[in-house]
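Some notes on the structure that comes next.
The values are calculated or read from the model by the stated rules, or taken from the named source; none is laboratory data. This one's a predicted model, so the numbers in the text were calculated from it and none came from an experiment. Reconstructed Cβ throughout: ideal geometry from the backbone, glycine too, with neighbour counts over all protein chains shown. Remember, those area values only see protein heavy atoms, side chains included, never the ligands or the DNA or RNA. Shrake-Rupley method; radii C 1.70, N 1.55, O 1.52, S 1.80 Å.
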Amino acid sequence: MRVVIADDEPLARERLRSLLGVHPDIEVVAEAGDGRAALQACAEHEPDLVLLDIAMPGIDGLEAARHLAAFEPRPAVVFCTAYDAHALSAFDAAAVDYLVKPVRAERLQAALDRVRTFNAGLVRSRVEGGDGKRRTHLCARLRGSLRLIPIEDIHYLQADEKYVVVHHARGEDLIEESLKSLEEEFGDRFLRIHRNCLVARHELVELRRDPEGHVHAILRHGREPLEVSRRCVAPLREALRQF
């Protein structure tokens, strides 16, 4: 079993590494001190398990777990935290187990047994974001590495077969998520202009009709107008009046 340990406290990482050291079938392939570094380590090493602290700087453990749920192959997540108040949120984030610090050897053993069952395909969970906290970034995987794209930097999202192209302040990236799920999660930030396109509200400047009668959306940072479907014209005009 390949394991990544993610905790912003070096002593906590050292304790977990020591406890895992008695298991000959376990290899710690990386350590990380925050959520961003944990995601990068998982993209590089494709672990079977991530031992993940919750309260970390930047991207916390709960948000990191949501990103990990979209990884392929998907690692099992076991949270290790000093606070038991996060337990419900942790299981909403599809954690396999939840350990309270200081982690005891027998509890870690039980968690590892659960992870083996999870990785054998007997347990399947789905992230639903039940704690009410949305992601602050989207995660694009790039040849063994990843790029985290802040939501506020996104200009528009466009479906392209099984991928979504994220057009943002620094360029374009592909993510393996559906446009529908993104609309459900970020519906207050993005407006649908077409069955294959969502536009950030702050990017929409005006709607313009061409000589053929087709309506296009003009974006603040768009290189070219985007086609608007007929059924989206009225809701978009109403949204523009409310800006």
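Just a few scattered comments:
- In the chain, a dipole from Cβ-located charges (positive for Lys and Arg, negative for Asp and Glu) runs towards its positive end, and of 105, 137, 117 it is 137 whose Cα lies farthest in that direction.
- In the set (i) 37, 20, 16; (ii) 25, 24, 19; (iii) 42, 16, 15, the label that goes with semi-axes √(5λ) of the Cα gyration tensor in Å computed for this structure is (iii).
- Scoring 74-81, 217-224 by mean Cβ neighbours within 10 Å over their residues and listing the highest first yields 74-81, 217-224.
- Percent accessible area from carbon and sulfur atoms, the stretch 174-243, protein chains only, probe 1.4 Å: 47 percent
- Probe 1.4 Å, accessible area per residue of the chain, Å²: 52 Å²
- Relative contact order (%) - the chain, alpha-carbon pairs under 8 angstrom, separation at least six: 11 percent
- Relative contact order of the stretch 1-117, defined on C-alpha pairs under 8 angstrom at six or more residues apart (%): 22 percent
- 3J(HN,Hα) couplings calculated from phi for the stretch 43-55 with the Karplus curve 6.51 cos²θ - 1.76 cosθ + 1.60 (θ = phi - 60°) are, in sequence order, 5, 7, 9, 6, x, 7, 9, 10, 8, 10, 6, 9, 7 Hz; Gly and Pro show x.
- Mean Cβ count within 10 Å, highest first, over the residues of peptides 164-171, 28-35: 28-35, 164-171
- In a simple Cβ point-charge model (Lys, Arg +1; Asp, Glu -1; nothing else charged), the chain has a dipole of about 560 debye relative to its Cα centre.
- Mean Cβ count within 10 Å, highest first, over the residues of peptides 99-112, 37-50: 37-50, 99-112
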